[in-house]
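What follows is one structure encoded as structure tokens, with my remarks underneath.
A short reminder: the numbers here are calculations on the coordinates, not readings from a lab. As the structure is a computational prediction, the values presented were derived from the model and not from experiment. We place every Cβ from the backbone using ideal geometry, glycine too, and count neighbours over all the protein chains shown.
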Amino acid sequence: MFYFDLIVMIVGWTWLLSTLVFIRVSAKRIETKILQDGHDLIGWDRNGWGFRFPMYASVLMRGKPAKVSLVEDKLILKYATVFDRVLAYIVTISFVMALALGAVMGLGPEEYRVKTS
């Protein structure tokens, strides 16, 4: 039980911190370079909830532009660095692991479930 809790904490903090760094460093740098090059950012999420950030991560993981996309894949790939791509992988993998651990905590064996008194 202790090891499971430790894994949950490590995965949770990894996802939290990697997402924060990806948004504040990688996405900001990419968007700044897009604006400096004279292109416009996507209008549907400019001041919104941040739905573009998972799309940026998926573009960086895929490594090639999609045929149809809501974001400018070619520009994102043009301005991304190796650090941005590695961080996109860390964000996505830690998110999937957090979802899986959450499912185990909610639906898994009794000893791993969240106690609700």
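Computed quantities for the displayed model
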item	result
Helix-only CD estimate at 222 nm, as mean residue ellipticity for the chain, using -39500 (n - 2.57) per DSSP H run (n ≥ 4)	-20500 deg cm²/dmol
Span per principal axis, largest first, for the Cα atoms of the stretch 2-109 (Å)	53, 26, 24
Loop sites in the stretch 51-117: trypsin sites (Lys or Arg not before Pro), DSSP, at most 12 other Cβ within 10 Å	67, 113, 115
Proximal lysines to residue 33, defined as alpha-carbon separation beneath 27 angstrom and excluding residues fewer than eight positions away on the same chain	64, 67, 74, 78
Segment residue 68-residue 96, extension gain: residue separation times 0.36 nm, minus the distance between their alpha carbons	7.7 nm
Derived scalar couplings ³J(HN,Hα) [the stretch 102-110; Karplus, 6.51 cos²θ - 1.76 cosθ + 1.60; whole Hz; x for Gly, Pro]	x, 5, 5, 5, x, 10, x, x, 4
